[in-house]
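Enquirer: Okay, here's the structure, questions in a sec.
The values are calculated or read from the model by the stated rules, or taken from the named source; none is laboratory data. Since the model is a prediction, treat every value here as computed from it, not as a measurement. Reconstructed Cβ throughout: ideal geometry from the backbone, glycine too, with neighbour counts over all protein chains shown.
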Amino acid sequence: MKISKKRLYLILGCVLVFYAVLAIAPAFAQDMTEAEYRPFPVIGSRTAAWIAAQLHLLFGSFILGVPMFAVIIEFIGWKTKDERYDRMAQEFIKLCMGAFSTTALLGGVLVFILIWCYPKVMSKLSGIFGPTMIFYVILFFGETFTLYLYSYGWDKMQGRHKGWHLFLGVLLNVWGTAIMFVSNSWLTYQTSPATQHGIISETRKKSWMDEQLAADPSLTPETVMEGVTDHTMIPLHNEATGEFMATVWDAVNNFTWMPVNIHRLIGNIAFGGSIVAAYAAFRFLVAKTKEDKAHYDWMGYTGNFIALCGLIPLPFAGYWLGREIYLFNNTMGINMMGSLFSWLFIIQAVMIGVLFIGANYYLWSGMGRIDGAEIYARYRPYMIIAIIVCVAIWMTPRTLSKISTASELSAMGGANHPHLGFFGLMTAKNTAVNIVILTTFLSFLFYRRSGKTPTASWRKVGNIAISSIFFFAVVAIVVIGIVGFAVPTDFRVNTLTPWQVVIALVAMFAVTVLDVFMYRRAQTSGTIKWGGMTDRSQYVLILLAITFTSLMGLMGYARSGLREQWHVFGVMPDTSPDAFTPPLSEAVNMVAIIMVIFFALVGFIFWLGLWGEKKKQAAAPVEAEVAMESDD
Amino acid sequence: MSLFTICLIILVGSWVFLRFVVGGIISVPIPGSVIAMYMGLIVIAILVHISVEDSLFREFRRPILETLVDDKRRLHRRVLVVLIPLLLLGYTYSIIAQRANPPGSPRDAHPSPPLQLTYKDEVIGTMQDVVNPFRHYEKDDPEAFKAHVENGKRVYHQNCFYCHGDHLDGQGHFAAYLQPLPANFQDPGIIPNFQESFFFWRVAKGGPGLPAAGTPWDSAMPIWEDHLTKDEIWDVILFLSDYTGYQFRTFGEAH
């Protein structure tokens, strides 16, 4: 008997549904009375929550990051009266629209999983954060309707209404940022349920004092306050009973809330830029016309530029977050950098190395399509060496016992190599990352200058000044790095490392100012041939998006795993079968699976957009074979 | 010289430099895994350089293509057909012919301390907040501080130096027979990275007191709280920093 294809698919579909019902059937047999935990069928509660949370976060990061730069690009288009910017900003928001409903859907899935599988934890969290959840809903409505107005009103609100349209764009970002800050408060509270004496509420100050006096009757209010400063950490819970004793604002404004907010805010920009660049790369690779190639080349460049703008300050924000974790709890800090999660940070170094090498590679490839950029090619080998040496330092582990044989350990005289071991310390790594950032900035400077000849009379002096700034900045960063080996850690972390960052930032700012003035009336000696990028460079853009996604997943594992066997650190223990910290190998596998699901979903959403576009083009075919050329 | 040859020289030269110059003349041998990691980076650097411009890529692959198809290079081809399998054979032989070389310790770099610091069953305080009770003498009463350091020195030489060495560098008489090796306090990554409370915990609880996570620890460190008083442990800790010149980690003010 011959079975038609349609019928075969139907039978296969029915079999799959049958197996799915069998798989989740045990869930219906569960006791639905008040329980501490309920197991999620087949994959387990933690895995289910992990996948839903990570996917929600990735989509959320994309839809929060993209409007930030879309509105800036729209503003540039409005001011320069260049419609190309406006079109590109609109295209970014269209991508956002596609991902918006998926983000909300995944958020819903996450909440259902958490309520089902972790009822007691959710009960505690909603008991503390109830008011913020109502606020979250209001913000979500605000963001949704503002996004609809902003996107659907794009064509209508041109001309004299453009100012109002931009206002909507800014408002969209305000809603989005506020939403992220609110949800960050829930998860950071789980990590650090404490805040400083100087900013905690009077209610908690009083209850804390009562607790101290009750715990030790020999104490007086004066003796309790001995040694207490504005910076002293005060737990939000009664240390004896675990009862929440503070206000909602104390819980929101917990110790790691703001560092996570800033880190994620910058990360969203970098991530959003990289996803947009990957989208543009894909469209570039499949483009049939020169015009399309030119457009997506330009879009890919812009996306990568935005990702770089986010990537450069990201290590500084991450360092601050790490410092705050150490300050909150030394055990957590040691777990993060020296113990349980230390090898994760080696993987992180490898991935950030890929990001910086890839971003530079893309810029250098881009110079190939600018006439007059050849003069900078001679510097490229030295820049490659600088980046590779710095990445090598960043990747070098401090303790080599896990990756050495017994005879190698014996030859080294211990787990640390007597010379390379220095590269494993943070002072060497901070020095390396600052130099990588300065080198990347130099690549961008060369790219910006390509095809232009400055006409300013002081250009020679200007170039000497710029070279000197780079030279002295690198020397200062290296010297501070060397001094960092010999000073107390407190001084290094709080003084020397911030100085390295300040030097790198000031150098980049000063060079930018000088360069902008020097090239203000520059002669254009070569144009950018948009669409002339190599296919290789486009694959690099896709690689960067994959690396960003993996990195976010892995670091999320570290942030969440740092709590170890606690739902709320030191307050509410995890007594579920998943109370153990998953090993790095399991985390890497999970992150890889999530990344594949994420890109499959993103690909589907983008394909839908492409599909709609094709239908439109079929209705009104446009022949456009003219290569687009631009001076920037 | 072709670009391909230059790249080959860089690759081989880098390996020789890491394996024999850094790992032989300048310092002690570098573990194979670390050399492999560095070599991977050098390969990436070469790939980046040759592929960033089409012209460079063509120049790089030209000798490869010529060797594969040019009739004048027939001899080169034949030599390579023999040489490449021989090299692979030699590499494989070098891997399987060496004597059993067990992997190093799979332990974590540093054990994670408990949240509370205890001496026997007495709770001293939280790991984060406990400070050495005699540390303030360094400024307030230098004579008293000196006395505590002297006592720490005595305790160290009566109990610790057999493993940790008279220079505090982990090279004591018993060190060669211990795996993992005793801590080297002269290493800049040891004392400055930890609070004094961390050291108190490690001395007081020894190897058996190490946490369940990150095992196997295999530490031979005795439980010193069974033999030393609380003050003696704090005094030894003062001596460690006084002798080496390194200061223990402090966090200062939070912001």
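Enquirer: Report, ordered by the first and then the second residue, all pairs with beta carbons closer than 9 Å, sequence separation of six or more or different chains, a first member in region A:220-237 that is assigned by TED's automatic domain parsing to the domain that holds A:Ser207, and a second member that is of a type in the set (Phe, Trp, Tyr).
Expert: Cβ pairs passing all conditions: A:Val224/A:Trp208; A:Met233/A:Phe255; A:Met233/A:Phe328; A:Ile234/A:Trp208; A:Pro235/A:Trp208; A:Leu236/A:Tyr189; A:Leu236/A:Phe244; A:His237/A:Phe244.
Enquirer: Something else about it: Considering each of A:Ala411, A:Ala392 in turn, give the residue that is assigned to a helix (DSSP H, G or I), facing chain B (nearest Cβ under 10 Å), under 23 Å from the mean Cα position of the chain (by Cα) and surrounded by fewer than 23 Cβ atoms within 10 Å (Cβ to Cβ). Don't jump to the end; show me each part of the working.
Expert: Details: A:Ala411 fails: under 23 Å from the mean Cα position of the chain (by Cα).
Of A:Ala411, A:Ala392, the one residue that is assigned to a helix (DSSP H, G or I), facing chain B (nearest Cβ under 10 Å), under 23 Å from the mean Cα position of the chain (by Cα) and surrounded by fewer than 23 Cβ atoms within 10 Å (Cβ to Cβ) is A:Ala392.
Enquirer: Return yes when B:Thr250 is closer than 19 Å to A:Arg492 by Cα and within 13 Å of chain A (Cβ to nearest Cβ) and no when it is not. Spell out the reasoning first.
Expert: Details: closer than 19 Å to A:Arg492 by Cα: yes; within 13 Å of chain A (Cβ to nearest Cβ): yes.
Here the answer is yes, as B:Thr250 does meet what is asked.
Enquirer: Something else now. Tell me which residues, restricted to region B:195-206, are under 28 Å from A:His419 (Cα atoms) and either free of Cβ contacts under 8 Å to residues at least 60 places away in the same chain or out of contact with any Lys or Arg (no Cβ under 9 Å at 6 or more places or on another chain) (or both).
Expert: B:Phe199, B:Arg202, B:Val203
Enquirer: Another question, then. Residue by residue through region B:51-91, note down the ones that are surrounded by 14 or more Cβ atoms within 10 Å (Cβ to Cβ) and among the aromatic types (Phe, Trp, Tyr).
Expert: B:Phe57, B:Phe60
Enquirer: Which count do you get for residues in region A:358-389 that are out of contact with any Lys or Arg (no Cβ under 7 Å at 6 or more places or on another chain), part of a helix (DSSP H, G or I), of a type in the set (A, V, I, L, M, F, W, C) and closer than 16 Å to A:Thr534 by Cβ?
Expert: 5
Enquirer: Here's another thing I want to ask about it. Hey, which of the helices (runs of 4 or more DSSP H) in region B:1-83, taking only ones fully inside, have at least 3 residues that are within 11 Å of chain A (Cβ to nearest Cβ), farther than 23 Å from A:Gly414 by Cα and touching a residue at least 24 places away in the same chain (Cβ under 8 Å)? Write out each step before concluding.
Expert: Working: elements: B:3-16, B:32-51, B:54-69.
Fully inside region B:1-83 and qualifying: B:32-51.
Enquirer: Can you tell me which of A:Phe517, A:Phe548, A:Phe471 is assigned to a helix (DSSP H, G or I) and without any contact (Cβ under 8 Å) to a residue 24 or more places away in the chain? Talk me through it step by step, then tell me what you get.
Expert: On the way: A:Phe517 fails: without any contact (Cβ under 8 Å) to a residue 24 or more places away in the chain; A:Phe548 fails: without any contact (Cβ under 8 Å) to a residue 24 or more places away in the chain.
It is A:Phe471.
Enquirer: Then there's this: Identify the single condition in (1) assigned to a loop (DSSP other than H, G, I, E, B); (2) aromatic (Phe, Trp, Tyr); (3) within 9 Å of chain A (Cβ to nearest Cβ) that B:Phe198 does not satisfy, given that it satisfies every other one.
Expert: (1)
Enquirer: Can you name the residue in region B:165-179 that is crowded, with 18+ Cβ neighbours inside 10 Å and at the interface with chain A (Cβ under 9 Å from one of its Cβ atoms) and, of all such residues, is nearest to B:Pro114 (Cα to Cα)?
Expert: Applying the first criterion (crowded, with 18+ Cβ neighbours inside 10 Å) to region B:165-179 yields B:165, B:168-172, B:175.
From the residues that got through so far, the ones that are at the interface with chain A (Cβ under 9 Å from one of its Cβ atoms) too are B:170-171.
On the way: B:Gly170: 25, B:Gln171: 28 Å.
Looking at the filtered set, the residue picked out is B:Gly170.
Enquirer: Do the conditions hold for A:Phe441, that is, is it in a helix (DSSP H, G or I) and not assigned by TED's automatic domain parsing to the domain that holds A:Phe356? Even if it seems obvious, please write down each step before you answer.
Expert: Working: in a helix (DSSP H, G or I): yes; not assigned by TED's automatic domain parsing to the domain that holds A:Phe356: yes.
Against the criterion (in a helix (DSSP H, G or I) and not assigned by TED's automatic domain parsing to the domain that holds A:Phe356), A:Phe441 qualifies.
Enquirer: Counting only residues that are assigned to a loop (DSSP other than H, G, I, E, B) and under 16 Å from A:Thr188 (Cβ atoms), how many does region A:565-585 have?
Expert: Within region A:565-585, the subset assigned to a loop (DSSP other than H, G, I, E, B) is A:565, A:569-571, A:574-583.
If we keep only those that are under 16 Å from A:Thr188 (Cβ atoms) as well, we get A:569-571.
Selection size over region A:565-585: 3.
Enquirer: Also: Go through (1) of a type outside the set (Ser, Thr, Tyr); (2) in contact with a helix residue (DSSP H, G or I) (Cβ under 8 Å, 6 or more places away or on another chain); (3) within 29 Å of B:Phe194 (Cα to Cα); (4) facing chain B (nearest Cβ under 7 Å) for A:Ile384 and report which single condition fails.
Expert: Among (1) of a type outside the set (Ser, Thr, Tyr); (2) in contact with a helix residue (DSSP H, G or I) (Cβ under 8 Å, 6 or more places away or on another chain); (3) within 29 Å of B:Phe194 (Cα to Cα); (4) facing chain B (nearest Cβ under 7 Å), A:Ile384 violates only (3).
Enquirer: From the list A:Ala504, A:Ala558, pick out the single residue that is farther than 25 Å from A:Ser61 by Cα, in contact with a helix residue (DSSP H, G or I) (Cβ under 9 Å, 6 or more places away or on another chain) and among the small types (Gly, Ala, Ser). Steps first, answer last, please.
Expert: On the way: A:Ala558 fails: farther than 25 Å from A:Ser61 by Cα.
Answer to the check: A:Ala504.
Enquirer: Here's a follow-up. Please find, among B:Phe185, B:Phe161, the residue that is hydrophobic (A, V, I, L, M, F, W, C), in contact (Cβ under 8 Å) with a residue 60 or more places away in the chain and either surrounded by fewer than 21 Cβ atoms within 10 Å (Cβ to Cβ) or over 30 Å from A:Gln196 (Cα atoms) (or both).
Expert: Values: B:Phe161 fails: in contact (Cβ under 8 Å) with a residue 60 or more places away in the chain.
Matching residue, one of B:Phe185, B:Phe161: B:Phe185.
Enquirer: Could you list, in sequence order, the residues of region A:338-352 that are part of a helix (DSSP H, G or I), free of Cβ contacts under 8 Å to residues at least 60 places away in the same chain and within 9 Å of chain B (Cβ to nearest Cβ)?
Expert: Within region A:338-352, A:Ser342, A:Val350 qualify.
Enquirer: Let me ask another. Just wondering, is there one or more residues in region B:226-238 that are hydroxyl-bearing (Ser, Thr, Tyr), under 16 Å from B:Ile124 (Cβ atoms) and away from chain A (no Cβ under 14 Å)? Don't jump to the end; show me each part of the working.
Expert: From region B:226-238, those hydroxyl-bearing (Ser, Thr, Tyr) are B:229; that's our starting set.
Filter once more, keeping what is under 16 Å from B:Ile124 (Cβ atoms): B:229.
Narrowing further to those that are away from chain A (no Cβ under 14 Å): B:229.
Yes; the residues of region B:226-238 include at least one that is hydroxyl-bearing (Ser, Thr, Tyr), under 16 Å from B:Ile124 (Cβ atoms) and away from chain A (no Cβ under 14 Å).
Enquirer: Does B:Phe198 satisfy the condition of being crowded, with 17+ Cβ neighbours inside 10 Å and in contact with a helix residue (DSSP H, G or I) (Cβ under 6 Å, 6 or more places away or on another chain)? Outline the logic, then answer.
Expert: Details: crowded, with 17+ Cβ neighbours inside 10 Å: yes; in contact with a helix residue (DSSP H, G or I) (Cβ under 6 Å, 6 or more places away or on another chain): no.
Answer is no for this residue.
Enquirer: If only one of A:Ile63, A:Ile138 is out of contact with any Ser or Thr (no Cβ under 9 Å at 6 or more places or on another chain) and either part of a helix (DSSP H, G or I) or among the small types (Gly, Ala, Ser) (or both), which one is it? Break it down stepwise before answering.
Expert: Numbers: A:Ile63 fails: out of contact with any Ser or Thr (no Cβ under 9 Å at 6 or more places or on another chain).
Being out of contact with any Ser or Thr (no Cβ under 9 Å at 6 or more places or on another chain) and either part of a helix (DSSP H, G or I) or among the small types (Gly, Ala, Ser) (or both) holds for just one of A:Ile63, A:Ile138, which is A:Ile138.
Enquirer: A further question follows. Counting only residues that are over 30 Å from B:Pro114 (Cα atoms) and aromatic (Phe, Trp, Tyr), which one in region A:330-371 is nearest to the chain's Cα centre (by Cα)? Can you show your working first?
Expert: Going residue by residue through region A:330-371, those that are over 30 Å from B:Pro114 (Cα atoms) are A:350-371.
In the following step, the residues that additionally are aromatic (Phe, Trp, Tyr) were identified as A:356, A:361-362, A:364.
On the way: A:Phe356: 14, A:Tyr361: 21, A:Tyr362: 20, A:Trp364: 24 Å.
Here the answer is A:Phe356.
Enquirer: So for region A:527-547 (the condition being touching an Asp or Glu at 6+ places or on another chain (Cβ under 9 Å), closer than 20 Å to A:Thr47 by Cα, modelled with pLDDT of 85 or more and more than 14 Å from chain B (Cβ to nearest Cβ)), does at least one residue qualify?
Expert: No, region A:527-547 contains no residue that is touching an Asp or Glu at 6+ places or on another chain (Cβ under 9 Å), closer than 20 Å to A:Thr47 by Cα, modelled with pLDDT of 85 or more and more than 14 Å from chain B (Cβ to nearest Cβ).
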